[in-house]
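For reference, the structure discussed in these notes is given below.
No value in this document is a laboratory result; all are computed from the given coordinates. Just so it is clear, the structure is predicted and the values come from calculations on it, not from any experiment. We place every Cβ from the backbone using ideal geometry, glycine too, and count neighbours over all the protein chains shown.
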Amino acid sequence: MLAIKVGIISLGCPKNLVDSEVMLGLLKENGFEITSNENDADILIINTCAFIEDARKESLDAISESVKISKRQKSKIIVTGCLSQRYSKLLEKQFRSNIHAILGAGDFYDIVQACKSALNGEKFRKISEPSTYIYDHKTPRLTSTPSHFAYVKIAEGCDNCCSYCVIPQIRGQYRSRSIESILAEINGLFKSGVKEAILIAQDTTYYGKDLNDNTDLVSLLKSLISYSEIPWIRVLYAHPEHITDDFIELMAKEERICSYIDLPIQHISDDILKKMGRGSTGKEIRKLLNKIRDKIPDVTLRTSLMVGFPSETDEHFSELIEFIKDIKFDHIGVFAYSPEEGTVAETMTDQVPESIKQDRLTQIAELHASISDEKRRSLIGRKLKAIIDDTDKSRNQSYARTQGQAPEIDDIVIIDGIAKKGEFATVEIIGTSNIYDLVGKVVG
């Protein structure tokens, strides 16, 4: 009998991608064949995102397209992830019999049973509230990133109470993995060829606080430095309220910890920060950023900003613009506020018109583009350690990243010639290809 082929569409953030990789690992372990061709799949899984309105629309569009494939190919459709956690009943009403199984964001470990039930013509539905599951190093996982880097989820859930965010409702309370489990996973990834471990969680800097045994992110990083050989360790999704002096000092000292801080601050106005439920003031954020740059002069700073939050005035926005001009972040992700059902912010008065949100979004994007161009040009002539992500023989080019560039969200270094994929190289920056990317040459 031919193996059942399963394909997966993974939407949203790297945290969701790890869940998808765990599902792939569980399925492969249980005899299913994994395919990247959606039209060739007997079962098609859509791992959805529901963080903001655009993400929900993308998820619904993906389900709709998958249903069309299902009708042509007689395949089964399984929906999991954040959208199914929040809106399972609405999904079942909208797509009716076209969805054969539905799993909550923390129930994906039951994917094998869901697939078997769907193949047998039985409806499968499991939505746990609140979600409590988190994988460990013993859980089968089939990584889908290039073989030289991998995301490692160090915790699940969130205990922050931001007024605009639904993640705690979807993902449950914060729960950390043990240092031993994370270390075992990273050592296994290193043996398989991984050279860059990217630590992720909803708030990586909150790691260990729920364990009540003095475990924290610094103790985790020290263990990884001492007991693993992974060359690069990158930390994403830090929180300004939870970054410690010890963390900054460790990053400054350890070459294997990428000098890269991803610090979503959302805004700088005290009025807006307070209404967002953020615990920091604008003054405290500025003090932290100055401290980081003082202790780690070559640090790369990325942030996420939100425009159009309820009651954001022209004055609040001008304050944010001046802050961006002053700090000159290396990378910025900016998005317009969208009301999320069940959040405090949804009920706030003084909602900002969509046209104003989009105008402010454009202003920040244009400002940051000019700052980015200036920063990239300042790197010309420098020699930096980089990892070769990919090559294109038809263009005779290689594509690399330095410590200051996270995969999939930041710019890259374009190199003439074919370098060895997945290996480190010393790259001299010789120019910029546009306002987004650097141009380099391998010099060692």
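Miscellaneous remarks
- Short-range pairs are left out: with C-alpha atoms under 8 Å and at least six residues apart, the relative contact order of region 149-378 is 17 percent.
- Cross-link pairs beyond the 23 Å C-alpha cut-off, checked among Lys15/Lys195; Lys295/Lys441; Lys68/Lys93; Lys420/Lys441; Lys195/Lys441; Lys15/Lys325: Lys295/Lys441; Lys15/Lys325
- Spin-label pair Lys291-Tyr436: with each label point 7 Å from Cα along the Cα-Cβ axis, the two points sit 3.5 nm from one another.
- Rough spin-label spacing in nm, given labels placed 7 Å along Cα→Cβ, for Glu374 and Lys57: 3.3 nm
- Only helices enter the 222 nm calculation for the chain: every DSSP H run of n ≥ 4 contributes -39,500 (n - 2.57), and dividing by all residues gives -11500 deg cm²/dmol, rounded to 500.
- Taking the chain, the Cys residues with no second Cys beta-carbon under 4.7 angstrom are Cys13, Cys49, Cys82, Cys115, Cys158, Cys161, Cys258.
- Calculated FRET value between Asp40 and Asp326, using beta carbons and R₀ = 41 Å, to 0.05: 0.20
- In terms of surrounding Cβ atoms within a 10 Å radius of their Cβ, Met251, Met23 rank from fewest to most as Met251, Met23.
- Linear extension gain, Asn214 paired with Lys383, 0.36 nm per residue minus alpha-carbon span: 56.9 nm
- Counting DSSP beta bridges with both ends in the chain, the antiparallel % (nearest 5): 35 percent
- Remark: the Thr281-Ser128 segment gains 51.5 nm on full extension, using 0.36 nm per residue and subtracting the alpha carbon distance.
- FRET E, pair Val443, Glu180, Förster distance 45 Å, beta-carbon r, rounded to 0.05: 0.65
- Largest mean-square fluctuation among Thr48, Thr303, Thr347, in a Gaussian network model of the chain whose springs join Cα atoms under 10 Å apart, belongs to Thr347.
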